[in-house]
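The block underneath contains the structure these notes are about, expressed in C-alpha coordinates.
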Amino acid sequence: MASVFAALKPKYIAWLKRRNPLAREVELNQKRIFIFPTSAGFFYAVLMVLVFINAINYKNNLMFMLCFLLASVFITAILHTYNNVSGLKIKAGHSLPVFAGEPVSLPLTIEGGQRPRYGISLSFNRHSITHMSMVPVDGVRAQVGFTARQRGWLIAPRLKLKSVYPLGLLRTWSWLYLDFHGVVYPKPVHQPFKYFVAQESGDHVGEVVDQRGIDDFRGFKDYTPGDPLKHVAWKQYAKRGELLTKEFEETHQSAHWLDWRALSGVETETRLQILCGWVLRSHEDNFEYGLRLPQRTIGLGRGDHHRDECLKALALFGLPSFAGGSH
(Lines give C-alpha, C1' and ligand atoms only; values in the text may rest on other atoms or scores of the structure.)
Protein backbone atom coordinates (compact mmCIF):
# COMPACT_ATOMS: atom_id res chain seq x y z
CA MET A 1 0.00 0.00 0.00
CA ALA A 2 2.85 2.39 0.86
CA SER A 3 4.41 1.81 -2.56
CA VAL A 4 1.10 2.63 -4.24
CA PHE A 5 0.85 5.95 -2.38
CA ALA A 6 4.51 6.73 -3.18
CA ALA A 7 3.84 6.13 -6.89
CA LEU A 8 0.70 8.27 -6.91
CA LYS A 9 2.15 11.18 -4.88
CA PRO A 10 4.05 12.87 -7.80
CA LYS A 11 0.91 12.76 -9.95
CA TYR A 12 -1.15 14.17 -7.10
CA ILE A 13 1.28 17.04 -6.56
CA ALA A 14 1.38 17.80 -10.29
CA TRP A 15 -2.43 17.87 -10.32
CA LEU A 16 -2.43 20.22 -7.32
CA LYS A 17 -0.04 22.62 -9.06
CA ARG A 18 -2.22 22.71 -12.16
CA ARG A 19 -5.31 23.29 -10.05
CA ASN A 20 -3.63 25.82 -7.72
CA PRO A 21 -0.85 27.55 -9.72
CA LEU A 22 1.82 29.77 -8.19
CA ALA A 23 0.42 33.22 -7.40
CA ARG A 24 0.99 36.30 -5.26
CA GLU A 25 -2.65 36.32 -4.10
CA VAL A 26 -5.16 33.50 -3.74
CA GLU A 27 -8.90 33.53 -3.00
CA LEU A 28 -10.30 30.24 -1.72
CA ASN A 29 -13.26 28.80 -3.63
CA GLN A 30 -14.77 25.39 -4.34
CA LYS A 31 -11.90 24.51 -6.71
CA ARG A 32 -9.29 25.02 -3.99
CA ILE A 33 -11.06 23.70 -0.89
CA PHE A 34 -11.08 20.07 0.25
CA ILE A 35 -13.25 18.73 3.08
CA PHE A 36 -13.26 15.38 4.84
CA PRO A 37 -14.43 13.98 8.20
CA THR A 38 -12.00 13.94 11.09
CA SER A 39 -11.59 10.87 13.33
CA ALA A 40 -14.28 12.37 15.58
CA GLY A 41 -16.44 12.84 12.49
CA PHE A 42 -16.11 9.17 11.55
CA PHE A 43 -17.03 8.14 15.09
CA TYR A 44 -20.06 10.46 14.87
CA ALA A 45 -21.12 8.86 11.57
CA VAL A 46 -20.81 5.36 13.05
CA LEU A 47 -22.93 6.48 15.98
CA MET A 48 -25.65 7.73 13.60
CA VAL A 49 -25.68 4.40 11.76
CA LEU A 50 -25.99 2.45 15.02
CA VAL A 51 -28.83 4.66 16.21
CA PHE A 52 -30.59 4.25 12.86
CA ILE A 53 -30.21 0.42 12.93
CA ASN A 54 -31.60 0.22 16.46
CA ALA A 55 -34.45 2.55 15.52
CA ILE A 56 -35.44 0.14 12.73
CA ASN A 57 -35.11 -2.95 14.93
CA TYR A 58 -37.18 -1.54 17.78
CA LYS A 59 -39.44 0.69 15.64
CA ASN A 60 -38.76 3.50 18.09
CA ASN A 61 -39.83 6.95 16.89
CA LEU A 62 -37.66 8.73 19.46
CA MET A 63 -34.57 6.94 18.15
CA PHE A 64 -35.55 7.92 14.60
CA MET A 65 -35.83 11.53 15.73
CA LEU A 66 -32.42 11.33 17.43
CA CYS A 67 -30.86 9.87 14.27
CA PHE A 68 -32.32 12.62 12.05
CA LEU A 69 -31.20 15.25 14.55
CA LEU A 70 -27.66 13.89 14.50
CA ALA A 71 -27.70 13.82 10.68
CA SER A 72 -28.94 17.42 10.46
CA VAL A 73 -26.16 18.55 12.82
CA PHE A 74 -23.59 16.76 10.66
CA ILE A 75 -24.89 18.34 7.44
CA THR A 76 -24.99 21.77 9.08
CA ALA A 77 -21.42 21.26 10.26
CA ILE A 78 -20.36 20.55 6.65
CA LEU A 79 -21.82 23.86 5.48
CA HIS A 80 -20.34 25.92 8.33
CA THR A 81 -16.91 24.26 8.06
CA TYR A 82 -16.78 25.00 4.34
CA ASN A 83 -18.09 28.57 4.70
CA ASN A 84 -15.50 29.31 7.38
CA VAL A 85 -12.70 29.22 4.77
CA SER A 86 -14.57 29.93 1.55
CA GLY A 87 -13.79 33.43 0.29
CA LEU A 88 -10.60 33.86 2.33
CA LYS A 89 -7.94 35.91 0.54
CA ILE A 90 -4.31 35.07 1.18
CA LYS A 91 -1.65 37.51 -0.03
CA ALA A 92 2.05 36.73 0.03
CA GLY A 93 4.40 39.42 1.32
CA HIS A 94 7.94 40.16 0.22
CA SER A 95 10.49 37.94 1.95
CA LEU A 96 13.80 39.43 3.05
CA PRO A 97 16.94 37.83 1.59
CA VAL A 98 18.32 34.91 3.55
CA PHE A 99 21.36 32.65 3.31
CA ALA A 100 20.91 29.00 2.37
CA GLY A 101 20.33 26.84 5.42
CA GLU A 102 18.89 29.66 7.53
CA PRO A 103 15.29 29.85 8.78
CA VAL A 104 13.11 32.62 7.43
CA SER A 105 9.67 33.87 8.44
CA LEU A 106 7.56 34.33 5.32
CA PRO A 107 5.02 37.16 5.69
CA LEU A 108 1.47 36.94 4.42
CA THR A 109 -1.87 38.65 4.91
CA ILE A 110 -5.23 36.89 5.36
CA GLU A 111 -8.45 38.80 4.74
CA GLY A 112 -11.77 37.46 6.01
CA GLY A 113 -14.02 39.25 3.53
CA GLN A 114 -17.43 40.22 4.86
CA ARG A 115 -17.30 38.21 8.09
CA PRO A 116 -14.72 37.05 10.62
CA ARG A 117 -13.27 33.53 10.40
CA TYR A 118 -12.22 31.24 13.21
CA GLY A 119 -9.73 28.47 13.98
CA ILE A 120 -7.41 28.88 10.97
CA SER A 121 -3.95 27.30 10.92
CA LEU A 122 -1.12 27.59 8.39
CA SER A 123 1.90 25.35 8.00
CA PHE A 124 4.60 24.17 5.60
CA ASN A 125 5.05 21.03 7.67
CA ARG A 126 3.74 19.52 10.87
CA HIS A 127 6.52 21.06 12.96
CA SER A 128 5.98 24.70 11.95
CA ILE A 129 2.34 25.68 12.46
CA THR A 130 0.85 29.15 12.82
CA HIS A 131 -2.52 29.22 14.59
CA MET A 132 -5.04 32.07 14.37
CA SER A 133 -8.04 31.89 16.66
CA MET A 134 -9.82 34.57 14.61
CA VAL A 135 -9.32 36.35 11.29
CA PRO A 136 -11.14 39.70 11.49
CA VAL A 137 -12.97 41.31 8.58
CA ASP A 138 -10.14 43.78 7.94
CA GLY A 139 -7.61 40.94 7.84
CA VAL A 140 -4.61 39.84 9.86
CA ARG A 141 -0.90 39.56 9.18
CA ALA A 142 0.88 36.31 9.89
CA GLN A 143 4.28 34.72 9.42
CA VAL A 144 5.02 31.10 8.61
CA GLY A 145 8.39 29.54 9.36
CA PHE A 146 10.45 27.98 6.58
CA THR A 147 14.07 26.92 6.15
CA ALA A 148 15.64 27.88 2.81
CA ARG A 149 17.75 24.99 1.54
CA GLN A 150 19.06 26.06 -1.87
CA ARG A 151 20.36 29.32 -3.31
CA GLY A 152 18.38 31.15 -5.97
CA TRP A 153 14.84 32.42 -6.04
CA LEU A 154 13.00 31.52 -2.87
CA ILE A 155 10.59 28.77 -3.87
CA ALA A 156 8.42 28.06 -0.84
CA PRO A 157 6.84 24.60 -0.65
CA ARG A 158 3.09 24.16 -0.73
CA LEU A 159 1.40 25.90 2.18
CA LYS A 160 -1.43 24.11 3.96
CA LEU A 161 -4.35 26.16 5.29
CA LYS A 162 -6.57 24.08 7.59
CA SER A 163 -9.58 24.47 9.85
CA VAL A 164 -11.88 22.16 11.85
CA TYR A 165 -14.24 24.92 12.98
CA PRO A 166 -16.94 24.80 14.36
CA LEU A 167 -17.46 21.29 15.79
CA GLY A 168 -14.30 19.42 14.85
CA LEU A 169 -16.30 16.81 12.96
CA LEU A 170 -14.88 17.81 9.59
CA ARG A 171 -11.50 19.01 8.42
CA THR A 172 -11.30 21.50 5.58
CA TRP A 173 -7.99 22.41 3.96
CA SER A 174 -6.40 23.96 0.91
CA TRP A 175 -2.93 23.70 -0.65
CA LEU A 176 -1.45 27.04 -1.68
CA TYR A 177 1.60 27.84 -3.81
CA LEU A 178 2.56 31.43 -2.98
CA ASP A 179 5.24 33.60 -4.56
CA PHE A 180 7.06 35.50 -1.80
CA HIS A 181 9.47 37.31 -4.16
CA GLY A 182 12.50 36.30 -2.11
CA VAL A 183 16.12 35.48 -2.87
CA VAL A 184 18.29 32.89 -1.12
CA TYR A 185 22.00 33.72 -1.04
CA PRO A 186 24.63 30.96 -1.10
CA LYS A 187 25.75 29.70 2.28
CA PRO A 188 28.93 31.68 2.99
CA VAL A 189 32.19 29.80 3.38
CA HIS A 190 34.93 31.86 5.02
CA GLN A 191 38.38 31.26 3.56
CA PRO A 192 41.44 33.51 3.23
CA PHE A 193 41.26 36.05 0.42
CA LYS A 194 42.62 35.29 -3.01
CA TYR A 195 41.70 38.30 -5.12
CA PHE A 196 42.80 40.56 -7.96
CA VAL A 197 44.15 43.95 -6.88
CA ALA A 198 42.85 46.83 -8.99
CA GLN A 199 45.66 48.92 -10.45
CA GLU A 200 45.91 51.47 -13.26
CA SER A 201 48.55 49.38 -15.04
CA GLY A 202 46.43 46.26 -14.88
CA ASP A 203 45.33 43.63 -12.38
CA HIS A 204 47.48 41.08 -10.65
CA VAL A 205 46.63 38.24 -8.30
CA GLY A 206 46.98 38.94 -4.60
CA GLU A 207 47.29 36.18 -2.04
CA VAL A 208 46.12 35.94 1.57
CA VAL A 209 46.44 39.39 3.15
CA ASP A 210 44.97 40.81 6.34
CA GLN A 211 44.50 44.42 5.21
CA ARG A 212 43.52 45.93 8.53
CA GLY A 213 45.80 48.90 9.17
CA ILE A 214 48.99 48.52 11.16
CA ASP A 215 50.35 52.07 11.23
CA ASP A 216 48.39 54.58 13.31
CA PHE A 217 46.83 53.49 16.59
CA ARG A 218 43.19 54.60 16.78
CA GLY A 219 41.81 53.11 19.98
CA PHE A 220 40.31 50.00 21.54
CA LYS A 221 37.20 47.95 20.76
CA ASP A 222 35.63 44.89 22.33
CA TYR A 223 37.32 41.68 21.26
CA THR A 224 35.39 39.54 18.78
CA PRO A 225 36.33 35.98 17.76
CA GLY A 226 38.58 36.12 14.71
CA ASP A 227 40.50 39.27 15.66
CA PRO A 228 44.29 38.81 15.26
CA LEU A 229 45.88 37.80 18.55
CA LYS A 230 48.73 40.25 17.93
CA HIS A 231 46.19 43.10 18.15
CA VAL A 232 44.76 41.98 21.51
CA ALA A 233 45.50 44.49 24.31
CA TRP A 234 47.00 42.05 26.79
CA LYS A 235 48.15 44.80 29.17
CA GLN A 236 44.61 46.14 29.41
CA TYR A 237 43.37 42.61 30.03
CA ALA A 238 45.90 42.14 32.86
CA LYS A 239 44.91 45.44 34.51
CA ARG A 240 41.14 45.47 34.05
CA GLY A 241 40.19 41.94 33.07
CA GLU A 242 38.56 43.20 29.85
CA LEU A 243 39.47 41.57 26.56
CA LEU A 244 39.99 44.40 24.05
CA THR A 245 41.42 44.68 20.55
CA LYS A 246 43.63 47.51 19.32
CA GLU A 247 42.34 49.36 16.28
CA PHE A 248 44.60 51.08 13.76
CA GLU A 249 43.99 53.55 10.98
CA GLU A 250 43.73 51.75 7.69
CA THR A 251 46.21 53.69 5.61
CA HIS A 252 46.78 51.36 2.70
CA GLN A 253 43.57 49.65 1.72
CA SER A 254 43.50 48.71 -1.96
CA ALA A 255 40.48 48.25 -4.17
CA HIS A 256 40.27 44.63 -5.27
CA TRP A 257 38.29 42.26 -7.45
CA LEU A 258 36.63 39.09 -6.20
CA ASP A 259 37.13 37.01 -9.30
CA TRP A 260 35.71 33.70 -10.41
CA ARG A 261 39.11 32.84 -11.97
CA ALA A 262 40.86 33.00 -8.61
CA LEU A 263 39.11 29.74 -7.67
CA SER A 264 39.88 27.69 -10.77
CA GLY A 265 39.40 23.99 -10.25
CA VAL A 266 36.86 24.45 -7.46
CA GLU A 267 33.34 23.06 -7.90
CA THR A 268 30.74 25.68 -8.91
CA GLU A 269 28.61 25.72 -5.77
CA THR A 270 31.70 25.81 -3.55
CA ARG A 271 33.07 28.73 -5.59
CA LEU A 272 29.86 30.65 -5.05
CA GLN A 273 29.94 29.96 -1.32
CA ILE A 274 33.55 31.13 -1.01
CA LEU A 275 32.85 34.26 -3.09
CA CYS A 276 29.87 34.94 -0.84
CA GLY A 277 32.15 34.79 2.21
CA TRP A 278 34.61 37.14 0.50
CA VAL A 279 31.85 39.64 -0.29
CA LEU A 280 30.74 39.68 3.35
CA ARG A 281 34.34 40.06 4.57
CA SER A 282 35.04 42.90 2.13
CA HIS A 283 31.86 44.67 3.21
CA GLU A 284 32.63 44.26 6.92
CA ASP A 285 36.15 45.68 6.42
CA ASN A 286 34.74 48.55 4.30
CA PHE A 287 36.93 47.67 1.31
CA GLU A 288 36.16 48.89 -2.18
CA TYR A 289 35.61 45.74 -4.19
CA GLY A 290 34.08 44.42 -7.38
CA LEU A 291 32.80 41.01 -8.47
CA ARG A 292 33.67 39.21 -11.69
CA LEU A 293 31.60 36.23 -12.77
CA PRO A 294 31.37 34.51 -16.15
CA GLN A 295 29.19 36.75 -18.36
CA ARG A 296 28.72 39.37 -15.61
CA THR A 297 30.84 41.99 -13.90
CA ILE A 298 29.81 44.24 -11.01
CA GLY A 299 32.07 47.28 -10.77
CA LEU A 300 34.05 48.50 -7.80
CA GLY A 301 31.99 49.86 -4.93
CA ARG A 302 31.12 49.57 -1.28
CA GLY A 303 28.08 49.85 0.98
CA ASP A 304 24.94 47.85 1.69
CA HIS A 305 23.44 48.24 -1.78
CA HIS A 306 26.66 47.09 -3.44
CA ARG A 307 26.90 44.10 -1.09
CA ASP A 308 23.29 43.09 -1.81
CA GLU A 309 23.83 43.39 -5.57
CA CYS A 310 26.88 41.12 -5.40
CA LEU A 311 25.13 38.56 -3.19
CA LYS A 312 22.10 38.48 -5.49
CA ALA A 313 24.35 37.92 -8.50
CA LEU A 314 25.93 34.97 -6.70
CA ALA A 315 22.51 33.62 -5.67
CA LEU A 316 21.15 33.66 -9.21
CA PHE A 317 24.31 32.56 -11.02
CA GLY A 318 23.51 30.05 -13.75
CA LEU A 319 19.79 30.01 -12.99
CA PRO A 320 17.00 30.84 -15.47
CA SER A 321 14.75 33.84 -15.01
CA PHE A 322 12.01 33.25 -12.47
CA ALA A 323 8.75 32.34 -14.21
CA GLY A 324 6.42 32.77 -11.27
CA GLY A 325 6.29 36.53 -11.28
CA SER A 326 8.26 39.69 -11.73
CA HIS A 327 11.25 39.97 -9.42
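The values are calculated or read from the model by the stated rules, or taken from the named source; none is laboratory data. Everything numeric here is computed off the predicted structure, so don't read it as measured data. Glycine gets a Cβ as well: all are built from the backbone with ideal geometry, and neighbour counts include every protein chain shown. For the accessible areas, the whole protein counts, side chains as well, though only heavy atoms, and no ligand, DNA or RNA atoms are used. Shrake-Rupley method; radii C 1.70, N 1.55, O 1.52, S 1.80 Å.
Averaged per residue, what accessible area in Å² does region 93-143 show with a 1.4 Å probe, protein chains only?
Accessible surface, normalised per residue, equals 59 Å².
Please list, ordered by chain and number, the residues whose modelled amide H lies under 5 Å from the amide H of VAL104; skip anything fewer than 5 residues away on the same chain.
Close amide H contacts, sequence-distant or interchain: PHE146, THR147, ALA148.
Taking Cα centroids, how far is region 34-95 from region 127-173 in Å?
Here the two parts' Cα centres lie 24 Å apart.
Listed highest first by mean packing, meaning other Cβ atoms within 10 Å per residue, what order do 171-178, 188-195 come in?
The peptides rank, most packed first, as 171-178, 188-195.
If the only charges are +1 at each Lys and Arg Cβ and -1 at each Asp and Glu Cβ, what is the size of the charge dipole of region 32-162 around the Cα centre, to the nearest 20 debye?
260
Calculate what fraction, in whole %, of the accessible area of region 117-160 sits on carbon and sulfur atoms when a 1.4 Å probe is rolled over the protein chains.
48
Under the rule of at least 5 residues apart or a separate chain, name every residue whose amide H is placed under 5 Å from the amide H of PHE99.
Residues meeting the amide H criterion: TYR185.
Leaving out ligands, DNA and RNA, what percent of the accessible area of region 264-312 is carbon and sulfur, probe 1.4 Å?
Ligands and nucleic acids excluded, carbon and sulfur reach 41 percent.
Estimate the FRET efficiency between LYS9 and LEU319 by the formula 1/(1 + (r/R0)^6), using the beta-carbon distance for r and 35 Å for R0, to the nearest 0.05.
Once rounded, the FRET efficiency stands at 0.85.
Roughly speaking, to the nearest percent, how much of region 1-111's 1.4 Å accessible area is carbon and sulfur?
Here carbon and sulfur together make up 69 percent of the probe-accessible area.
Step through the residues of region 77-85 one at a time and calculate ³J(HN,Hα) from phi using the Karplus curve (6.51 cos²θ - 1.76 cosθ + 1.60, θ = phi - 60°), rounding each to whole Hz and writing x for Gly and Pro.
Working through the residues one at a time gives 5, 4, 5, 5, 5, 5, 5, 5, 10 Hz.
Apply the Karplus curve 6.51 cos²θ - 1.76 cosθ + 1.60, θ = phi - 60°, to the phi angles in region 93-105 and return the couplings in whole Hz, x for Gly and Pro.
Those phi angles translate into x, 9, 7, 6, x, 8, 8, 4, x, 9, x, 9, 9 Hz.
Taking 7 Å along the Cα-to-C-beta vector as the label spot, tell me the ASP138-TRP234 distance in nanometres, rounded to one decimal.
If labels sit at ASP138 and TRP234, their model points lie 6.4 nm apart.
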